[in-house]
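Notes for the one structure printed next.
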Amino acid sequence: MDSYALDGDTSAGKDGSICDAPTTAEALFQKKSDQVISVSPEVEQKLQNDHVLVSEFKQMKLETDAQKNWDLFYKRNSTNFFKDRHWTTREFEELKACRKFENQRLTILEAGCGVGNCLFPLLEEDPRLFVYACDFSPRAVQFVKQNPSYNTNTCKAFQCDLTKDNLTENVPAESVDVATLIFVLSAIHPDKMHLAISNIYKVLKPGGCVLFRDYGLHDHAMIRFKPGSKLGENFYVRQDGTRSYFFTKELLQSLFTTAGYTEVSNEYVLRETVNKKEGLCVPRVFVQSKFYKPLQML
């Protein structure tokens, strides 16, 4: 479920929905921070006043229809919605640096691969990888397998609900060097996030790591949701029925360490983009983190 990345890939609509990426948008700066970004008193008041939640009946239906809503998203947008993520190896050096010897073939799990916008650039840059790629949406997995670059010698794509389908049915236990969770966990109900994280733990080698990037608290997309979109604390629904959570690094630390991981890094990435056409300056907030599965005691 390649959750609406909005990291230069797309831009948020006024209701937190997604519009086509403006070609005039460019990054002005990016920096990292240990602190949640502050917002204006007006924005703070807006967030505090937005306390009416979507009805329990509708929330249950959104949970039941989650896979259908993502399938419909990919039916509407095919493979044309997201830009390829060529920044991944630049941001996460582990994808190159964790080789123990030069020609080692690393095994990667991309949890929530979408239509392959991260997967195929990775394989193009480093053909020595083998990538297990899974997604909640059967349609997204179908698009991955139909891509001319898909090769079963370097990749295995499969459908998977990370919260209930055992990854070891498709990925050998303790076989993965690096797992990526890039704009994926935010699309999962907060009550079930721990299940996805524990599921990934099973297939990681001792010493293997999870590379995480997702929406942070007070991100522009969060602020622009209209009343009637709130599902819970920091949790919202878009017009198309897909959902998004906005993380604090403290919650993320708790989720991973409770599941047995060791924190290596965990910080906010603050980015500002400008839409020249509309004259808008947009503050983006992401959380970028690395967690390791501890080495087993001898």
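If you scan segment 264-298, which residues turn out to be within 13 Å of Lys32 (Cα to Cα) and polar (S, T, N, Q)? Answer for segment 264-298, where residues must be within 13 Å of Lys32 (Cα to Cα) and polar (S, T, N, Q): Ser265, Asn266, Gln288, Ser289.
Any residue at all in segment 245-259 that's more than 21 Å from Gly112 (Cα to Cα) and touching a helix residue (DSSP H, G or I) at 6+ places or on another chain (Cβ under 6 Å)? No. What are the residue pairs meeting all of these: first residue in segment 218-235, first residue in contact (Cβ under 8 Å) with a residue 12 or more places away in the chain and over 11 Å from Pro283 (Cβ atoms), second residue assigned to a loop (DSSP other than H, G, I, E, B) and β-branched (Val, Ile, Thr), Cβ atoms under 8 Å, and 6 or more apart or on different chains? Listed by first residue and then by second, the contacts come to Pro227/Val52; Gly228/Val52; Gly228/Val54; Ser229/Val54; Lys230/Val52; Lys230/Val54; Leu231/Val54; Asn234/Thr248. Cβ-Cβ contacts under 6 Å between residues 6 or more apart (or on different chains), taken from a first residue in segment 144-170 that is touching a residue at least 40 places away in the same chain (Cβ under 8 Å) to a second residue that is of a type in the set (Val, Ile, Thr), are listed as Ala157/Val141; Ala157/Val144; Leu167/Val203.
Can you tell me which residue among Ser198, Ser186 is in contact with a strand residue (DSSP E or B) (Cβ under 7 Å, 6 or more places away or on another chain), among the polar types (S, T, N, Q) and either within 30 Å of Lys32 (Cβ to Cβ) or part of a helix (DSSP H, G or I) (or both)?
Details: Ser198 fails: in contact with a strand residue (DSSP E or B) (Cβ under 7 Å, 6 or more places away or on another chain).
None of the other options fit; the residue is Ser186.
For segment 246-263, the set of residues classified as surrounded by 21 or more Cβ atoms within 10 Å (Cβ to Cβ) and without any contact (Cβ under 8 Å) to a residue 12 or more places away in the chain is empty. Residues in segment 153-176 that are touching a strand residue (DSSP E or B) at 6+ places or on another chain (Cβ under 6 Å), more than 27 Å from Tyr245 (Cα to Cα) and not polar (S, T, N, Q): Cys155, Lys156, Val171, Glu174. From the list Lys192, Lys202, Lys164, the lone residue that is farther than 23 Å from Thr64 by Cβ and surrounded by fewer than 17 Cβ atoms within 10 Å (Cβ to Cβ) is Lys202.
If you take the residues of segment 51-76 that are in a loop (DSSP other than H, G, I, E, B) and modelled with pLDDT of 85 or more, which of them is surrounded by the most Cβ atoms within 10 Å (Cβ to Cβ)?
It comes out as Val54.
Scanning segment 133-176 for residues that are in contact with a Cys (Cβ under 8 Å, 6 or more places away or on another chain) and among the aromatic types (Phe, Trp, Tyr) yields Phe136, Phe158. Could you list all residues from segment 107-146 that are under 21 Å from the mean Cα position of the chain (by Cα) and either of a type in the set (Lys, Arg) or part of a loop (DSSP other than H, G, I, E, B) (or both)? Result: Gly112, Cys113, Gly114, Val115, Gly116, Asn117, Cys118, Leu129, Phe136, Ser137, Arg139, Lys145.
Only residues that are hydrophobic (A, V, I, L, M, F, W, C), in a strand (DSSP E or B) and within 16 Å of the chain's Cα centre (by Cα): list them for segment 171-183, please.
Those that are hydrophobic (A, V, I, L, M, F, W, C), in a strand (DSSP E or B) and within 16 Å of the chain's Cα centre (by Cα): Val178, Ala179, Leu181, Ile182.
The values are calculated or read from the model by the stated rules, or taken from the named source; none is laboratory data. For clarity, every value in this text was computed on a predicted model and none was experimentally measured. For neighbour counting, all protein chains shown are included, and Cβ atoms are generated from backbone atoms with ideal geometry for every residue, glycine included.
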